[in-house]
Structures are given as structure tokens and as C-alpha cells.
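Asker: Before I ask anything, let me first share the structure, which is written out below as C-alpha cells.
The values are calculated or read from the model by the stated rules, or taken from the named source; none is laboratory data. Bear in mind that the values here come from a model prediction, so they are computed numbers and not experimental data. Positions of Cβ are generated from backbone atoms using ideal geometry, with glycine treated the same way; all protein chains shown enter the neighbour counts.
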Amino acid sequence: MQLSYTVETIAVKTPAVKIAVPLPSEIKRLYEEMNKAGAFPYWAKIWPAAKALAQFIIQQQQLVADKKVVEIAGGLGLPSLIAASFANEVMCTDAASEALEFVNTSVELNSLTNIKTAIYDWNDEATFDTEVLLMSDVNYHPADFPQLLIFFQTQLKRNITIILSTPQRLMAKPFIEAIAEFIIQQEDCTIEDGSEITNCTVFVLKAS
């Protein structure tokens, strides 16, 4: 089901990245449909943490340069689109097939040839052949923290580098404390979106 979209230009790199974003009216309609099943289409917006991760990749491009990269819960895929400029290959994943339709449109808009998409939920046991995992704003629901921690530990044991971007929210603190032993780098940043200002932190995690 391809929804109507507008094209936003995200100037976190040169040239700027074009990204397909659902129209607000389409998001509202989709939410009303999905709400019957208790689900909100979180993938349908470019969240501040995704922008923070995209900026970090630009600044620390050596972390993904010439590597295999997978984005988990990628939503509209901004970090994947940015990483594709430096990585050997990128796979953008999300549990929502609708999200990946927009990512595929953005891939075409930017004439990228090294990005693939796949449906994936981090609760699944399947693994990817990758060197780097990108994740943004996944630690927002405390009930998910135990399973999310298992996922992180499993991937880190495979010698995979995880780059996690998260808003600086109080409820996320317990999860960050749980993964603190794996943090080898972190950077704070401020993301401005119109009148909204969000403080984010990007963490690089690696097993010792």
C-alpha cells in the first residue's frame, strides 16, 4: 500500500538527501486505521534521534566506511540513506512494510545502488551478515528493555559495532545504564525542528 508523500530535503550532507515522507493527512488516516489494532505508525516521521544519528555518521564516517551496515527499526531510513554514501552496502529494516516502501522511493530519488530493504523485528532471532548496526530512538518503551538488551548483547558478542542514537529522556536512563559497559564513544547534540528542540546522545558500543 503506497501512500501519498512529499519529498523533504535534509541538508545534513552535501549534496542534500531527498527523502519521501508521508503526507500528514495520510499519517492521520493510517493512525486511525492502525489504532484499531493498538499500533501507532512511529515509522512515519523523521524523529530527532534519526537526524542526530545521520549527523553523527557524517562526522564519524570512518565507523561505516567500506563496511556492511544494517539499520534496525529504520522507519523512513534517513541514517541508512546517509550511510550509503560511505558504506559498502546498507540494509534498512523495519517491522512495517509500509515504511520500507518509502525507503525504496527515497533510494530511487537519490539514485543509490547499494541499499536494500528487509522486513525485520528485533524480537526475531534472525541475524544479518553485518559489521555495523544503526539504531535510533528504540529505547522508548521500558517494557521492551529486557528483550532489547538481549538483542544488543547478542549482536555485540558477534563483534558487531552498534551505533545508538537516543533522545535524552529520563525513562531511557535504565537502559543506557544496562549497556554502559559497552560504550566506547558518545556525543551529545541538539536537534532543532522548527520550534522544537531535542537533546540527543549518540553512543558507539563495542564488546571488549
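Asker: Restricted to region 161-175, and to residues that are of a type in the set (A, V, I, L, M, F, W, C) and over 16 Å from the mean Cα position of the chain (by Cα), which residue is nearest to K68 (Cα to Cα)?
Answerer: Per the stated criteria, the residue is F175.
Asker: For the subset of region 185-208 comprising residues that are at pLDDT 95 or above and within 19 Å of T130 (Cα to Cα), which member is surrounded by the fewest Cβ atoms within 10 Å (Cβ to Cβ)?
Answerer: Ranking the candidates gives K206 first.
Asker: Yes or no: A178 at pLDDT 95 or above, more than 25 Å from V103 (Cα to Cα) and more than 16 Å from the chain's Cα centre (by Cα)? Step through it out loud before you land on a result.
Answerer: Values: at pLDDT 95 or above: yes; more than 25 Å from V103 (Cα to Cα): yes; more than 16 Å from the chain's Cα centre (by Cα): yes.
Judged against the criteria, A178 is a match.
Asker: Could you identify the single residue in A143, A118, A172 that is assigned to a helix (DSSP H, G or I), small (G, A, S), free of Cβ contacts under 8 Å to residues at least 40 places away in the same chain and touching a strand residue (DSSP E or B) at 6+ places or on another chain (Cβ under 7 Å)? Don't jump to the end; show me each part of the working.
Answerer: Details: A143 fails: touching a strand residue (DSSP E or B) at 6+ places or on another chain (Cβ under 7 Å); A118 fails: assigned to a helix (DSSP H, G or I).
So the residue among A143, A118, A172 that is assigned to a helix (DSSP H, G or I), small (G, A, S), free of Cβ contacts under 8 Å to residues at least 40 places away in the same chain and touching a strand residue (DSSP E or B) at 6+ places or on another chain (Cβ under 7 Å) is A172.
Asker: A further question follows. Here are L134, L76: which of them is surrounded by 24 or more Cβ atoms within 10 Å (Cβ to Cβ), assigned to a loop (DSSP other than H, G, I, E, B) and in contact with a strand residue (DSSP E or B) (Cβ under 8 Å, 6 or more places away or on another chain)?
Answerer: Numbers: L134 fails: assigned to a loop (DSSP other than H, G, I, E, B).
That would be L76, the only listed residue that is surrounded by 24 or more Cβ atoms within 10 Å (Cβ to Cβ), assigned to a loop (DSSP other than H, G, I, E, B) and in contact with a strand residue (DSSP E or B) (Cβ under 8 Å, 6 or more places away or on another chain).
Asker: Anything in region 43-73 that is among the charged types (D, E, K, R) and assigned to a loop (DSSP other than H, G, I, E, B)? List them, or say none.
Answerer: Hits for region 43-73 are K45, D66, K67.
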